[in-house]
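Peer 1: Submitted below is the structure of interest, expressed as structure tokens.
The values are calculated or read from the model by the stated rules, or taken from the named source; none is laboratory data. Source: prediction; values computed, not measured. Here the Cβ positions follow ideal geometry from the backbone for every residue, glycine too, while neighbour counts run over all protein chains shown. For accessibility, only protein heavy atoms count, side chains too; no ligands or nucleic acids. Shrake-Rupley method; radii C 1.70, N 1.55, O 1.52, S 1.80 Å.
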Amino acid sequence: MESQMIRPGHLTAHQTARILGTDLAGVRKLVQRRHLQRSGGSPRQPWYPAADVAALAAKRAAAKAA
């Protein structure tokens, strides 16, 4: 379940997964590999900076196009 209250400029794990075209396990792997960093929330419902997610999505799209 997604969090109802989230700080502006942040995304939930579900929103992040949707933008990156992956699932929650994929988001956790990106965090483990240090490609993405949590910036709030709780251990069960982390938040991610929207700017970081957008940059990672652009980087992944560029790599896919190459």
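Peer 1: Looking only at region 8-48, which residues are surrounded by 15 or more Cβ atoms within 10 Å (Cβ to Cβ) and at positive phi?
Peer 2: Gly41
Peer 1: Can you say whether Ala65 is among the hydrophobic types (A, V, I, L, M, F, W, C) and at pLDDT below 95, as far as the supplied structure shows? Can you show your working first?
Peer 2: Working: among the hydrophobic types (A, V, I, L, M, F, W, C): yes; at pLDDT below 95: yes.
When the stated conditions are applied, Ala65 passes them.
Peer 1: With respect to Arg44, determine if the residue is over 9 Å from the mean Cα position of the chain (by Cα), of a type in the set (Lys, Arg) and at pLDDT 95 or above. Before the answer, list the steps.
Peer 2: Working: over 9 Å from the mean Cα position of the chain (by Cα): yes; of a type in the set (Lys, Arg): yes; at pLDDT 95 or above: no.
Taking the combined requirement at face value, the residue does not satisfy it.
Peer 1: Which of the following residues is open to solvent by less than 90 Å² (accessible area, probe 1.4 Å) and in contact (Cβ under 8 Å) with a residue 40 or more places away in the chain: Ala51, Ala57, Ala63?
Peer 2: Result: Ala51 is the single residue among Ala51, Ala57, Ala63 that is open to solvent by less than 90 Å² (accessible area, probe 1.4 Å) and in contact (Cβ under 8 Å) with a residue 40 or more places away in the chain.
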